[in-house]
1. Given the rule -39500 (n - 2.57) for each run of at least 4 DSSP H residues, summed and divided by the residues of the chain, what is its mean residue ellipticity at 222 nm, to the nearest 500 deg cm²/dmol?
2. Only four residue types carry charge here, +1 at the Cβ of Lys and Arg and -1 at the Cβ of Asp and Glu. Report the dipole size of the chain about the Cα centre in Debye, rounded to the nearest 20.
3. Residue separation times 0.36 nm, minus the C-alpha to C-alpha distance between Asp15 and Ala467: what's the value?
4. Just check the range 296-390 against the gyration tensor rule for me: Cα atoms, a ≥ b ≥ c as the square roots of the eigenvalues, rounded for a/c under 1.5, and otherwise prolate or oblate depending on whether a/b exceeds b/c.
5. Glu128 versus Asp289, label points 7 Å from Cα toward the beta carbon: distance in nm?
6. Subtract the Cα-Cα distance of Glu364 and Thr275 from 0.36 nm times their separation in residues, and report this length gain in nm to one decimal.
7. Can you tell me the length gained on complete extension of the stretch Arg171 to Met351, counting 0.36 nm per residue apart and subtracting the Cα distance?
8. Taking the Cα centre of the range 413-515 as the origin, how large is its charge dipole in debye, to the nearest 20, when only Lys and Arg (+1) and Asp and Glu (-1) carry charge on their Cβ atoms?
Amino acid sequence: MTVQESARPAGEPMDAARRVLREVFGFADFRPGQEEAIAALLAGRHALTVMPTGSGKSLCFQIPALVMEGLTVVVSPLIALMQDQVAALRLAGVAADCINSANERSRNVAAWRRAAAGETRLLYLAPERLMTERMLAALARLPVRLFAVDEAHCISQWGPAFRPEYEDLCRLRALFPGVPIAALTATADAVTRDDIADRLFGGRAEQFVLGFDRPNIRLRVEVKDDWKRQLQGFVARHRGESGIVYCLSRRKTEETAAMLAAEGVRALPYHAGMTKEEREAHQDVFMTDPGVVIVATIAFGMGIDKADVRYVFHTDLPGSVEAYYQEIGRAGRDGAPAEAHMLYGLEDIRMRRQFIEQEDAGPERRRREHKRLDALLGYCEAPACRRVALLGYFGERIGACGNCDGCLDPAERRDGTEEARMVLSAVQGSGQRFGAAHVIDIVRGSGSEKVARLGHHRLPVFGQGEARGRNDWRSLIRQMVATGLLRLDVAGYGGLAVTDAGRALLQGEGAFHYRADTAVAASTPRKRRAAAPDEPLSSDQEALLDALRALRLEIAREQGVPAYVVFHDRTLIDMARRRPRTREEFAEVNGVGAAKLERFAVPFLAAIDAALSASP
């Protein structure tokens with residue numbers, strides 16, 4: 001069952017769930033999809049919940065865990081994410097623990113003793129630790145009432161992020177009959193969802209799939225030309241705004257951050273090669289200070305909840321549609337206009353194909369990963385609305401969005417059949433082993449030494465395309481690769497080969513239409529059409545928000561947790577709007593539960609009082 005909207009669940013367990021939502025987590029109402037998923041678990045049914053990043057997936061299992069008696073076991077793939085969630089729960093007054101390899105043995109032993117004594121409500125474990133025979137036998141002696149599998153797409157061999165250690169979780173259903181299992185993920189297409197349900201639940205599970213659309217995020221894809229200039233121009237148009245810039249390598253991350261810093265941008269690198277202390281320090285600055293840009297590899301992002309990220313910029317092609325969707329989902333969580341801007345070129349395609357071929361996986365998985373990359377390239381070359389193409393991948397149908405480059409700056413579609421046949425003839429005639437640059441030299445009639453030495457000036461197609469510039473030919477070849485007329489030799493040096501579809505076109509079957517490249521001029525500001533759901537903060541409210549962020553960072557450092565674990569940005573923004581002056585008013589702030597009211601009311605009310613007293 002796929003749920004978009006349904007009737008409000010009734011009954012005593014849901015009354016308790018609403019109390020927990022209000023008293024522990026400080027929220028007045030459920031977000032879309034949460035209530036239905038919680039009701040299913042409280043009724044003892046398995047549930048697969050697919051919600052966009054930042055929509056409150058964790059509450060879908062945390063609330064049932066607090067309503068039910070006994071222990072909830074949460075499977076999480078990342079130690080850092082596990083630790084942050086436990087820290088956030090403890091600050092909310094919830095008895096939570098994690099056992100992982102980063103802890104000292106004595107700490108893990110103490111955590112287990114608390115769980116065994118019934119003092120812990122949620123116990124976080126990595127899948128490989130949970131599925132040991134010793135742990136399973138120990139848990140069998142405890143009153144386990146719920147399993148929650150976070151990042152559940154890792155269990156599916158059809159997904160792009162399959163992790164073998166997740167596969168063993170399929171035994172939970174038989175080992176703990178009658179215990180409901182919650183599976184949660186932000187990105188899973190229909191095939192992956194069905195595979196998760198089949199493996200984890202034997203096909204017997206309710207599926208709760210929220211709409212994937214984030215209409216406030218403007219989507220744009222630009223052909224990679226001079227990526228440094230393109231990035232600098234984009235960031236200059238967003239000066240003073242928080243953003244995330246994704247790069248493929250650690251080295252590029254460091255160099256890009258340094259380049260932006262030299263331009264006067266407060267840019268910080270973040271990648272797995274940095275020390276834990278460096279990463280945490282940069283993350284704290286990004287979460288707390290306005291206008292900071294994080295330049296990162298994909299190591300950054302999971303568990304991050306900063307509301308006012310105004311853009312996500314990809315300097316390189318992501319690995320899949322799912323990865324792209326997750327990464328752009330870190331922008332605009334406050335509902336205000338945000339941008340997702342991606343650069344891509346032929347070298348990106350070659351590199352991604354090479355990564356797939358080098359992966360330690362069987363031929364069937366590699367074939368699927370190539371197909372996933374094909375889907376991303378299809379998105380990049382979308383002839384019309386880009387959001388239609390993106391959401392269509394996840395099985396969601398919408399009309400033209402009016403907030404992407406395909407709608408705002410529609411590219412002209414041209415008939416390139418004759419030009420494509422020239423390229424195909426040049427590729428085939430030269431032996432299907434040369435890259436785009438050499439093929440372009442042939443069709444343009446270049447007198448290069450290499451063309452003459454190899455005798456390629458004698459090919460019939462030599463010079464037939466001299467009227468077109470090199471950039472035109474690069475664009476056309478890139479789109480021929482994206483649409484499957486040409487194949488890149490990913491194991492070698494990017495040589496081009498003709499596919500079956502390309503041979504059919506050469507033989508006069510079908511036609512080829514290409515998308516004229518539309519690069520964004522660096523000096524051209526873009527009007528944002530998506531409206532924010534709330535009025536922007538006034539200058540006084542912005543000043544108060546800065547003071548609240550500074551206090552949050554100070555408290556976070558004292559507690560040894562990331563800043564967002566104390567309060568999410570959305571809570572601080574609500575605080576800045578409401579300006580509470582009493583404990584009762586502070587309790588009304590969205591995201592302030594009973595434990596946080598007790599712990600943080602005094603310092604935050606003092607900060608608000610000081611800020612308001614200082615204002616004229």
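1. On the way: 28 runs with 283 residues, N = 616.
Dividing the helical sum by the residues of the chain leaves -13500 deg cm²/dmol.
2. Dipole of the chain, to the nearest 20 debye: 680 debye.
3. Between Asp15 and Ala467, full extension yields 155.4 nm more.
4. Details: a/c = 2.19, a/b = 1.58, b/c = 1.39.
Note, shape of the range 296-390 comes out prolate.
5. Result for the modelled spin labels: 3.7 nm.
6. On the way: separation 89, 0.36 × 89 = 32.04 nm, distance 3.69 nm.
Residue separation times 0.36 nm, minus the Cα-Cα distance, leaves 28.3 nm.
7. Working: separation 180, 0.36 × 180 = 64.80 nm, distance 3.72 nm.
Difference between extended and current length: 61.1 nm.
8. 200
Where a number appears in this text, it was derived from the coordinates with a stated rule and is not lab data. The model shown is predicted, which means the values in this text are computed figures rather than measured ones. All Cβ positions, glycine included, derive from the backbone under ideal geometry; neighbour counts span all protein chains shown.
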